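Please read the structure below before turning to the comments.
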Amino acid sequence: MDMVNPIVLFVCFIVLSGPVLIVAGIIDMSKGSGTRGGILTVLGASTMGLVYWAYSAISHMNFSKGRVLRLKGRARVARRALGDGWADDATPDIEGLTPWQRTVLGEAWLYSAGMEHASVPAFAKLSLKLSAMGAPSELLEACHLAALDEVRHARRCFALARAYSGLPWSAGMIPELSQDRPQRPSPAEGDDWSRLVRGSLLDGCLGEGLAASVAAEVSRRASDPVIRETLAVIAEDEGRHAELAWDVIAFALERGGGTAKQALRQALDALETQRSPSLPSIPGVDEAFLARNGVLPQAELGRLMEECIQRTRARASSS
């Protein structure tokens, strides 16, 4: 009989112990054991807080994110699921990692996998929009090639998440995709050309340009050859996707006239709001450990973000 993976047991314990302790504490307090009940309740809340703290930090980490899938103005990703179909055979070295370290890395790569997976329909949507606007075949071809890149990125990230966590993570549904219907844009959003330019500059030129820079930098710092190779490939691909965004802007400026040019000026103003958040540290892991495993330190992320904003501004201003 196969033994249960200890990392799976650890994850289940962390996730379930918080609510169980809180319930036990409430029951004890209702029976008159206020001191013990209070201690159990505090322990339960602390455990749940630890999990939420780690998730909050991980969900804003600088892992590769690909092109954002926006539906009705909000970023969307697939539901988490267990199963097959979204992982290659990559296996990082997990020897010597504690259960908590594996949990953190598994969660980080799972978050990255979800974002990479969402980039596939994001490029499909971009292709449809470009088709509707009479774009040349080269742009449509580049969109579909980029989507295939994101499929490979997602497979690799899911494989790493599975290896670290010990759980067979996969991509679930994105129900919002079937609910997405064309809406009348608000006056502030402008016409189709305006939205195309704004999205290409912020999500493409800046977002994917930053993803390329971060992946390249952290690839040089990663100690695991599998992580290093993964991030090097992602860096090259995301750099190419950023160039696609610049090509889309050039097309929009040529066809969209004054409306597209005005949208570009407005998008440049919005660059100043694109800053990396200040993140709390994750208990039990330090920045050196994260850097060795594919996550750039916060200070370095801020530096690369600022450099990417300045490069994007300079290039867009000359368009």
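Values in this text are rule-based calculations from the coordinates and carry no lab data. Since we're looking at a predicted model, the values are computed, not measured. Ideal geometry is used to build each Cβ from the backbone, glycine not excepted, and the neighbour counts take in all protein chains shown.
Return the distance in nm (one decimal) between the two label points of a simple spin-label model at THR273 and ARG240, each offset 7 Å from Cα along Cα→Cβ.
It works out to 3.3 nm between the two label points.
Please give, to one decimal in nm, the separation of the simple spin-label points placed at ALA232 and ALA132, each 7 Å out from Cα toward the Cβ.
Each label point lies 7 Å from its Cα, and together they span 4.1 nm.
Between the stretch 240-310 and the stretch 147-173, what is the C-alpha centre distance in whole Å?
Cα centroid of the stretch 240-310 versus Cα centroid of the stretch 147-173: 23 Å apart.
If we sort 112-124, 159-171 on the protection proxy, mean other Cβ atoms within 10 Å, highest first, what's the order?
Highest-to-lowest ranking by the protection proxy: 112-124, 159-171.
What residues qualify as long-range amide H neighbours of ALA222, i.e. H under 5 Å apart, gap of 5 or more or another chain, H built at 1.01 Å from N?
It is none; the list stays empty.
From the Cα trace of the stretch 59-317, what convex hull volume per residue do you get, rounded to a whole Å³?
In the stretch 59-317, the Cα convex hull volume per residue is 121 Å³.
Report the number of Lys pairs in the stretch 59-317 whose alpha-carbons are under 21 Å apart, with separation of 8 or more residues or on distinct chains.
4
Using the Cα centre as the reference, give the magnitude of the dipole from point charges on the C-beta atoms of the stretch 59-317 (Lys, Arg: +1; Asp, Glu: -1; all else neutral), rounded to the nearest 20 debye.
800 debye
Could you order peptides 248-256, 148-156 by the average number of other Cβ atoms within 10 Å of their residues, highest first?
Taking the mean over residues of other Cβ atoms within 10 Å, the ranking is 148-156, 248-256.
Please state, as a whole number in µm²/s, the translational diffusion coefficient that the Stokes-Einstein equation yields for the stretch 74-142 at 4 °C and 1.567 mPa s, with Rh defined as the Kirkwood radius across alpha carbon pairs.
For these conditions, the coefficient is 86 µm²/s.
Can you work out the PRE-style zone for ARG70? Point 7 Å along Cα to Cβ, and I want the residues of the stretch 233-248 with backbone N under 19 Å.
241-248
Highest mean first, what order results for 137-144, 301-308, 93-100 on Cβ atoms within 10 Å?
The packing order, highest mean first, is 301-308, 137-144, 93-100.
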